[in-house]
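Laboratory data are not the source of any read-out in this text; all were calculated from the coordinates shown. Quick caveat: nothing in here was measured; it's all calculated off a predicted structure. Here the Cβ positions follow ideal geometry from the backbone for every residue, glycine too, while neighbour counts run over all protein chains shown.
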Amino acid sequence: MSRAPRVTEFADALLRRVGFLENPYFDSLSAGSMSLEKFRATQEQFYFAVRFYARPIAALVSRISDPAQRLDLLHNIVEEHGNFREEQFHQNTFRKFLASIQGRGPDLAGVSMCAAVHAFNSTLIGACTSDDIEVGVCCLGIVERAFSDVSALIGHVVVQRRWVAAENLVHYALHVELDVRHAEDFFAIVEPGWDDLPTRAKIQRGLELGAYAFDQLYRALLLQVE
């Protein structure tokens, strides 16, 4: 049973309304018109988002006064850090994914972060440090919810197109189920406020911001990255 049924329902409806998985990046990838070279370049840039992601969560933890509400987010941060195993840090499992498609570790290869990822990271950290807590929580929560679907789609495509053998698929295979739980961890923090109209407005604003920022990231990666 969901711990945040109303927030989750709104988030799922919003992602359908935005048409998140129908944006040009995923259309191109699913249709087979995106080359491996293009996919590899965009994923090298996405690495910078993966590496940054734990920082907005940590910012939220520092702002939440109730220790019980901090626990799930702390667990999320620990999982981002591979449950204290360095080889399982999410940035390191993503490096392994890049290697499986003959990509580079961008930070190690001197590749610069593009403006699309910089804007996405700045949006998340801004929401989590300066906006209402409900906005930051829901901004990250819907990113997690959407990334579960992204992981399933990308995992399917790279195996189907034989870019990666199924048994060698890393990072994305983990996040199909993990990020559904992570999203619920975020949404459960704000679910009790749904019946308060001003609080609900903040929840919805955060969900809309996260959906917009994540959708725009993939649209911009398709255009900016060669």
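Below is a table of values for the structure above.
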item: Using θ = phi - 60° and Karplus 6.51 cos²θ - 1.76 cosθ + 1.60, couplings along segment 92-100 (whole Hz; Gly, Pro as x); result: 7, 5, 6, 4, 5, 4, 4, 4, 5
item: Dimensions in Å of segment 115-224 - Rg and Dmax from alpha carbons; result: 15.7, 50
item: Nearest-0.05 FRET efficiency for ALA201 and LEU71, computed from C-beta distance (R0 25 Å); result: 0.40
item: Rounded to 10°, Cα long-axis angle of helix 172-190 versus longest principal axis of the chain; result: 20 degrees
item: Convex hull volume per residue in cubic angstrom - Cα atoms of segment 1-144; result: 147 Å³
item: Label-to-label distance, nm, for residues given as HIS81 and ILE125 (7 Å Cα→Cβ offset); result: 1.8 nm
item: Extension gain, ILE101 back to ALA166 (0.36 nm per residue minus Cα-Cα distance, nm); result: 22.2 nm
item: Gaussian network model of the chain, springs between alpha carbon atoms under 10 Å - residue of ARG200, ARG85, ARG63 with greatest fluctuation; result: ARG85
item: Lys, Arg +1 and Asp, Glu -1 on Cβ, resulting dipole of the chain about Cα centre, debye, nearest 20; result: 500 debye
